[in-house]
């Protein structure tokens, strides 16, 4: 019964309650999951270490050119003392004049061009942590949402931590207004910067590493990404690299079940005799999202020694 309900939630008419008509995604994209242009930095929450900030600023144009907009909706209502640590950190690194806050109240404001003009000159966007459904309630399928994609299309970078990580996926994981313990809830559409994906965060610290397994078994077209704290993936086209302090879990249908069209991706390739329904990638490792396989770096030193 649990699997049937999950199937209905994913594929049935209740897949998502749209705030308004969905925005159009270019059907001619050559990438499977990642953006054709620009970069994503998807962070697992906790302390964002210096290496991650450095990469974000570099991809946004460097310390001389970066202009960052921080979207703080996930952290609470505008009347609350919502999270601003990202603004403080980026202001120290770049100067306050190159950091702007975006915290619109509703869909109407997000469809009013005067409210998102600051995005048109931005080179980077950062989504702060909190609850991911708050971002969806205001920006999903709006003209501001389109402007986020426009930033990617001109080579910019979108980053986010915790809720700001999960909102970057296409299926919104832990998006229920009643609490993050509900995996598939009353908000199920993310902003879709990483297509055909679900993204989880605080993975090991909150013992979430097995939570995405059943979803991927039912929905093989999705890739699952689970990030531990102080750790991120940098996505460019259909490749990502792990940076930061810990590890990233990947949930892939073929690797979980041993079934699928990609014969190079099997349970044995990743786990050996282990029955874990995921595999970890550590700092510096890379993954091919289109082929769903680890990128094995060539050992040039060994090759040179052999040829000598």
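Bear in mind that the values in this text are calculations on the coordinates, not laboratory data. Keep in mind that what you see is a predicted model, and the values were worked out from it rather than measured. Every residue, glycine as well, gets a Cβ built from its backbone with ideal geometry; the counts of neighbours run over all protein chains shown.
A simple spin-label model places pseudo-atoms 7 Å from Cα toward Cβ; at residue 205 and residue 30 they are separated by 3.9 nm.
Antiparallel beta bridges, as assigned by DSSP with both residues in region 30-307, represent about 55 percent of the total such bridges. Based on the Kirkwood approach, the hydrodynamic radius assigned to region 30-307 is 19.0 Å, with every pair of different Cα atoms included.
Which length gain, in nm to one decimal place, applies between residue 196 and residue 77 when the Cα-Cα distance is subtracted from 0.36 nm times their residue separation? All intermediate terms of the calculation are to be shown ahead of the outcome.
Details: separation 119, 0.36 × 119 = 42.84 nm, distance 2.95 nm.
Using 0.36 nm per residue and subtracting the Cα-Cα distance, I get 39.9 nm.
Given their separation in residues at 0.36 nm each and the Cα-Cα distance between them, residue 290 and residue 218 gain 24.0 nm when the chain is fully extended. Each label was represented as a point 7 Å from its Cα along the Cα-to-Cβ direction; for residue 108 and residue 120 these points are 2.3 nm apart. One Cα centroid belongs to region 170-225, the other to region 50-111; the line between them spans 24 Å.
Test of understanding: what is the full-extension gain from residue 84 to residue 96, defined as 0.36 nm times their sequence separation minus their Cα-Cα distance?
3.1 nm
Highest mean packing comes first when the peptides 242-255, 92-105 are listed by Cβ atoms within 10 Å, giving 242-255, 92-105.
A simple spin-label model places the labels of residue 47 and residue 178 3.6 nm from each other, with each point 7 Å out along Cα-to-Cβ.
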